[in-house]
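The values are calculated or read from the model by the stated rules, or taken from the named source; none is laboratory data. Small disclaimer: the values here were computed from a predicted structure and weren't measured. Neighbour counts are summed over all protein chains in view; Cβ atoms, including those assigned to glycine, are modelled from backbone coordinates with ideal geometry. The protein model used for the area step is the full one, side chains on, heavy atoms only, and it has no ligands, DNA or RNA in it. Shrake-Rupley method; radii C 1.70, N 1.55, O 1.52, S 1.80 Å.
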Amino acid sequence: MKKINAYLLFTGWRYRLGIFLGIPAAVLAGGFFWRCLEVETGFGYLVVMGIIFAETVADRGIFSGIQTHRGYRLDFLKTSPVGQEILFQGLCGDLARRLLTAAVCVGGGRAAQILDTGEGWAGCLGTVLTVYFAEALGLFISRFTRSAILCLYTAYGCVAAGMILYTLIRNIAPPWLWAADTALGLAAAAVSALVVRTGMKRWRGTYSDTDCL
């Protein structure tokens, strides 16, 4: 709960409305519309693409540029003795929220029978981890810059990576699917730790005049 509360300190109501409600609502509404069109395949790819792209680009409103030399827009935290702890909790809360959003969108779409996630719950978990892993990778890369263009390029690259992983998850034989989920989960955990560690290290480096390597 502390992580989520700290994360909310960095977000405005428009961001919360768009991310917390907008993305899940868009997935469900799009799924029912897709089913009305009587198209049997393809919606899963649209969901994976849309969530990864939206989440990567939306980070520009929160922690974008934190891994640059200047630690963009977060100097105010240096005025508080608990500033570093708030930032750490906020970064962790941000990742937790992204994982929850991916789980709600994919799980809700599967429960409503509008999203094909592959073989059983293993396929559902694999899809959630695919979305989250691609998002975390995108955050790690995009936070090294404040450029909107580079952020978009990063989002496109992560969408492509997500498409490849999603295709693999959908085509892995059931006996090996849980093993693939485990490997993907470990990779996602490693990237998440890297995101938080690098963000904190680079931001602490802004206390001095020298660059943080």
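Within 24 Å of GLY61 (Cα to Cα) and either among the basic types (Lys, Arg) or at pLDDT 85 or above (or both) - does that describe any residue in segment 163-184? Looking for residues that are within 24 Å of GLY61 (Cα to Cα) and either among the basic types (Lys, Arg) or at pLDDT 85 or above (or both), one finds none in segment 163-184, hence no.
Considering (1) surrounded by fewer than 21 Cβ atoms within 10 Å (Cβ to Cβ); (2) in a loop (DSSP other than H, G, I, E, B); (3) β-branched (Val, Ile, Thr), the lone condition that ILE23 does not fulfil carries the number (2). When every residue of segment 74-83 is checked against the conditions, none turns out to be crowded, with 22+ Cβ neighbours inside 10 Å, in contact (Cβ under 8 Å) with a residue 40 or more places away in the chain and of a type outside the set (Lys, Arg). Filtered by the rule that a residue be open to solvent by less than 10 Å² (accessible area, probe 1.4 Å) and either over 20 Å from CYS92 (Cα atoms) or in a helix (DSSP H, G or I) (or both), segment 48-73 gives VAL48, ILE51, ILE52, GLU55, THR56, ASP59.
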